[in-house]
Ligand code: 26Y
C-alpha cells in the first residue's frame, strides 16, 4: 500500500520536465533534443493527462466504495473549448508547468494556443453544460456527464467577401490527449424491427425484435475540480459497427458491400447538428438521441446492478438530469428496460421513473419545443412509441378525472399532437414524467408558468422551479484573465474567491480606491492590447486603445438583435458624417466588435453577417471617420475566442427583445471581467440588475410585459425618424448589395418588425449616449467596472449546481480524500 502511494506523479518542475521529455520521446515519438511547439504541447498535455487519470481513478474508486446517490447529467451538447490551461489551473500546477517548460525553451501560453477547441455544441445550452461540469467536480458532487463524441463539432465559420461559409470541424485530426478510449466499455444499441408478444411465466409481455445493432464505445474525459482531488467523468459515446451488424450480407458473399455497410454505423456519431429548428424530425438526429440515451442507461443500470439487486432503491442512488428535451427518450427507455427486460411490472416501473428524472428547459418560445413525427418513431423505435402511448393514455385518464372533459385543454396537454402529421411532444412527455421542471432564470420560469406550460403549471404547480444559470469563474476569470485574477487575489488578500465566489463582494469597499483603480485600468489596458492585436491579425483593421471596445458576441439570431446594433452603428456613422468637423472632437471613439455564427439554413441571420461586413467596409475606409468609429466582425467565434475577447471589452451588449432570451450567460462572463453591460431587461439581466444596480449598467427598451401590446399595435407604432433613415440607407444601397438586403429590411419595416427594433430604437440610442458619457469619466467608469466584478458572484455555476443538488437532485458532496 505504501508503494501505491509512492506511485503518484510528482508536481515539482523537475519531475514535470522529466515527464514531458519522456512523452516527447515515447508518446509523440520525437527526439527529446528537437521538438516544436505543437509537439511540446502534446507532450505537456500527456503529462497533465497522466495526473488527471490518477485523480480520476481515485475519485471513481472512492465513489464506488461510498456508493452515494449519483447525478447523471445527460446532454447532447458540451462546449468544452480547450482543456490544457483549465486543467493545469484546476490541478494547481500552472506555475510548475510554466517553469518546467521555460527551462526547455518553451512558453506555456504559446503551447496553450496550439490546442484546438472541442466544440461539441452550439451555444448557450452547450457551454452551460461545460461550466456546470466544472462546478460539479469542484464542489465534490458524485456526478457523471454523458454525451456524444461527434467526429465533426460545430462547423467552422469562414467569411468570404462578407458572406458566411461553413466548413467541417474535424477536430480529432491532431489527436485528442484529453480523452481515454475505453474499447472494453461498449454496449449494443438497437434500432428498427418490430414488437412481438410473448408469454413469460404465464404472463403476456412485449418483446422488441430489433432490426439493426450499432455498438457504442465509451470515451472518458476527466473533468478536474479546483482545489480538490475530485475529478469527475464526462463519458462520450462513439458509434462503431457492431459484431452483429449485417451478418446476412457476409453469408451471401457480398463481402465488400458488407464492410462498407458496417462503416455506415459510424455516421450516427459523426456530426453535430447546428441549432437550426429545420433539423427537427430528421431520422439521423433521432438516432443520435436514442443511441446516446440507450448507451448511457445501459452503463448506469450496469453500475447500479453491480451494487444492488433491488430496483426499488434505484431512486435513492440515481438522479437523471435531462438537459432540455434532447435526451428525453431516456424516459420510455427506462420504462422499457424495467418492464420488458427486468420484468418489474408497469406500475412499479412507473413509480421509479417518476422519482428519478428532472428536466431543464432552455427555450422561451413554443416553436422551440421539440417534436418527433410518430411515423419516424414507429419505424425507428416501435416499442418506445407503444410505451409513450401507454404513458399518455394513463395521463389522459388521470387528467380527465381532475379537469373533466375539457377537450381543448386535454388536447393541448396530450403528449401526442394530432393533426396532418402526428407528433410526439417531447416537452409534454418530459413534464409528465419528471418530478421537477426547471427554468434557467426567474423571468423564464414565470413565462413558462404563465404561457408555454400554463396548463401543466395549473395541474402541478410544485413541479415548476428555476435555477438561474451561472458560469464558472475558473475558466472565465482565472484561465482567461490571469491579470485580473491576480489583482483580485491581491486586493482581497486571498485566492479563496476561486472556490467561494461570493467573496468578490469584498472588492466593493475598494471600488473608489485610486490605487486599485489605477491597477484595474492597467490590467484592462493590457487585455485590450491583446484584443487589438488579434483584431488586426484577423481583419487588418488597426484600432485605437483609447476607444471604447463595444462587443456583441453570441449566435446570430433575430431575437438577439445584432441588426439593432448594426443599425445604431450606421446611425453613429451618419451623425459623424453630418457633423461640423470641429464637433467631431466631442465624439467618444468606439470600436464596435460583432462575432457569432449563423445556423447554415438561417437566411436572415446570414444576411445580418453580410450587412455587418458591408457597413464595416464603408466605415473603416472613410477618412472622415478615422478612429472615431470602427466596426469589426470577428470570424469563427468559439470558446477560445471568447476567452480572448471578453477580458478586453469595455462594454458588452445583451439586447434581445424582452421575453426572448431564456437566460443568457455571456453577460455573466463579461460582468465577472469588469465589463459594463448595455442591455434590455430580459432573462438573467433582470437578476443582474438586482445585484449590481441599474445605475451600474445601461438599460433600455420595452419590458417583458409590454412586448405583447406593442406587437398588437403593429403598423400603428411610431418608430423614430432616425430609424427609418438608417433602414432606408441600407435599402437604397448605401452599403451596396441592395437586392440582397431587401428581405432583411422587410423584417423590420412595413408593419412586421416582430422583434421591435423600431420601437426600441430611441431608447437604445439614449442608452448608447449614456454609455459614451460615462466612458469620458474614466474614474466613474472604472468604479462601475470594479462594482460589476464585485457583484458577479451570484452568477457562478457553483451556486447553480448547489441549488440543483439540494432542491432537485437530492445529492451530497462526496469528497475523495488525498
Ligand atoms: C431542438 C434542437 C433543434 C435544439 C438545439 C439546441 C433546440 C435548442 C437548442 C439550444 C438552446 C439554447 O442554447 N438555449 C439557450 O440556453 C442558454 C442556457 O440555459 C440560455 O442562457 C439561453 O438564453 C438560451 O437561448
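What follows is calculated from the coordinates using simple rules that are stated; it is not laboratory data. Note that this is a predicted model, so its numbers are computed, not measured. Note that we place each Cβ from the backbone using ideal geometry, even for glycine, and neighbour counts take in every protein chain shown.
Let me have the 222 nm mean residue ellipticity of the chain computed from DSSP H runs of 4+ only, each contributing -39500 (n - 2.57), with the sum over all residues rounded to the nearest 500.
-14000 deg cm²/dmol
Have a look at the chain and give its Rg and Dmax from the Cα atoms, expressed in angstrom.
Gyration radius and largest Cα-Cα distance of the chain: 27.5, 96 Å.
Between residue 196 and residue 769, what is the spin-label point distance in nm, taking each point 7 Å from the Cα along the Cα→C-beta axis?
About 7.9 nm, to one decimal.
Once fully extended, how much extra length lies between residue 421 and residue 754, figured as 0.36 nm per residue of separation less the alpha-carbon to alpha-carbon distance?
117.1 nm
Which of the peptides 356-364, 57-65 is most tightly packed, and how do the rest follow, judged by the mean count of other Cβ atoms within 10 Å per residue?
The densest-packed peptide leads the list: 356-364, 57-65.
Could you sort the peptides 516-525, 555-564 by per-residue average Cβ neighbour count (10 Å cutoff), highest mean leading? Display every interim value, and only then the final one.
On the way: 516-525: 17.7, 555-564: 22.7.
Result, highest mean Cβ count within 10 Å first: 555-564, 516-525.
Each label point is 7 Å from the Cα along the Cα-to-Cβ direction; what then is the distance between the points at residue 254 and residue 182, in nm?
My value for the distance between the label points is 3.6 nm.
Which length gain, in nm to one decimal place, applies between residue 725 and residue 57 when the Cα-Cα distance is subtracted from 0.36 nm times their residue separation?
234.1 nm
Mind ordering 119-127, 486-494 by average Cβ neighbours within 10 Å, highest first?
Per-residue mean Cβ counts within 10 Å order the peptides as 119-127, 486-494.
Can you give the Rg and Dmax of the stretch 609-717 based on its C-alpha atoms, in angstrom?
My reading of the Cα-based Rg and Dmax gives 16.6, 45 Å.
Using a Förster radius of 22 Å, what is the FRET efficiency between residue 739 and residue 617 based on their Cβ-Cβ separation? Nearest 0.05, please.
Details: r = 17 Å, r/R0 = 0.78.
The pair residue 739/residue 617 has a calculated efficiency of 0.80.
Quick one: of the DSSP bridges fully inside the chain, what percent are antiparallel, nearest 5?
Details: 41 of 88 bridges.
Here the share of antiparallel DSSP bridges comes out near 45 percent.
Hey, with R₀ at 35 Å, roughly what FRET efficiency would residue 14 and residue 354 work out to, going by the Cβ-Cβ distance, to 0.05?
Approximately 0.05, to the nearest 0.05.
For labels at residue 514 and residue 174 in the simple 7 Å Cα→Cβ model, what's the distance in nm?
Distance between the two pseudo-spin positions: 4.8 nm.
Sort largest first and round to whole Å: the equivalent ellipsoid semi-axes of the stretch 48-127, each the square root of five times a Cα gyration tensor eigenvalue. Write down the numbers at each step before the final one.
Numbers: eigenvalues 161, 90, 12 Å².
Semi-axis lengths for the stretch 48-127 are 28, 21, 8 Å.
Indicate the gyration tensor shape class of the stretch 106-149 (rounded, prolate or oblate), computed on the Cα atoms with a ≥ b ≥ c the square roots of the eigenvalues: a/c under 1.5 is rounded; otherwise a/b larger than b/c is prolate and the rest oblate.
The shape class here is oblate.
Working out 0.36 nm times the residue gap between residue 160 and residue 624, then minus their Cα-Cα distance, what length gain in nm do you get to one decimal? Please report the intermediate quantities before stating the final value.
Details: separation 464, 0.36 × 464 = 167.04 nm, distance 2.70 nm.
Here the answer is 164.3 nm.
With the Cα gyration tensor of the stretch 334-450 giving a ≥ b ≥ c as the square roots of its eigenvalues, does the rule (a/c under 1.5 for rounded; else a/b larger than b/c for prolate; else oblate) give rounded, prolate or oblate?
The shape class here is rounded.
Checking the a/c ratio against 1.5 first, then a/b against b/c, what shape does the Cα gyration tensor give for the stretch 251-313?
Because a/c hits 1.5 or more and a/b fails to exceed b/c, the stretch 251-313 counts as oblate.
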